[in-house]
1. Apply the a/c threshold of 1.5 to the C-alpha gyration tensor of segment 78-142 and tell me whether it is rounded, prolate or oblate.
2. Using packing as a proxy for protection, rank 74-80, 107-113 so that the peptide with the highest average count of other Cβ atoms within 10 Å comes first.
3. Hey, for a label at residue 131 modelled as a point 7 Å past Cα toward Cβ, could you say which residues of segment 86-103 have their backbone N under 12 Å away?
4. Between residue 105 and residue 54, what length in nm is gained on full extension when 0.36 nm per residue of separation is reduced by their alpha carbon distance?
5. Compactness ratio of segment 35-143: Cα Rg over 2.2 N^0.38 Å, N = residue count?
6. Can you put 130, 141 in order, fewest other beta carbons within 10 Å first?
7. Fewest first, what order do 86, 60 take by the number of other Cβ atoms within 10 Å?
8. Would you mind ranking 68, 102, 56, 49 by Cβ crowding within 10 Å, fewest neighbours first?
């Protein structure tokens, strides 16, 4: 029982340190590389998108988002969004996203809506909100699955 508690405390401490590194950069004497937030965000994220407006043309979807860091623009990402239809990935479009490390928030504003996600480790939860303020979709993504 005691060994198990020590293991849990050790894991929780490692997770807490990971968050500190993301928020404040590297603290070792090694040369600074890419910000820790960018490699964590860059990559493939998969999950689901659930419609929030009844009697609308919206359909629940399985989504894939591909995040790539934009060179020379810290905290900026190019994102390609896709949905899965009949087992095949169908590209919906691409946009530029911005990461606010202090809020752990990613967002992208499009002509008709804003996508906003909160990043927690390898999970993102967010919304697609229409410009007049209606939450149209709730989206949950997991990295690399």
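Where a number appears in this text, it was derived from the coordinates with a stated rule and is not lab data. Since the model is a prediction, treat every value here as computed from it, not as a measurement. Cβ coordinates were reconstructed from backbone atoms using ideal geometry, including for glycine residues, and neighbour counts include every protein chain displayed.
1. Details: a/c = 1.61, a/b = 1.22, b/c = 1.33.
The shape class here is oblate.
2. Details: 74-80: 16.4, 107-113: 12.9.
Taking the mean over residues of other Cβ atoms within 10 Å, the ranking is 74-80, 107-113.
3. none
4. Once the chain is fully extended between residue 105 and residue 54, it gains 15.6 nm.
5. Numbers: Rg = 13.5 Å, N = 109, 2.2 N^0.38 = 13.1 Å.
Ratio of Cα Rg to 2.2 N^0.38 Å: 1.03.
6. On the way: 130 13, 141 22.
Starting with the residue having the fewest Cβ neighbours, the order is 130, 141.
7. On the way: 86 5, 60 9.
Going from least to most buried by this count: 86, 60.
8. Details: 68 15, 102 6, 56 10, 49 22.
Going from least to most buried by this count: 102, 56, 68, 49.
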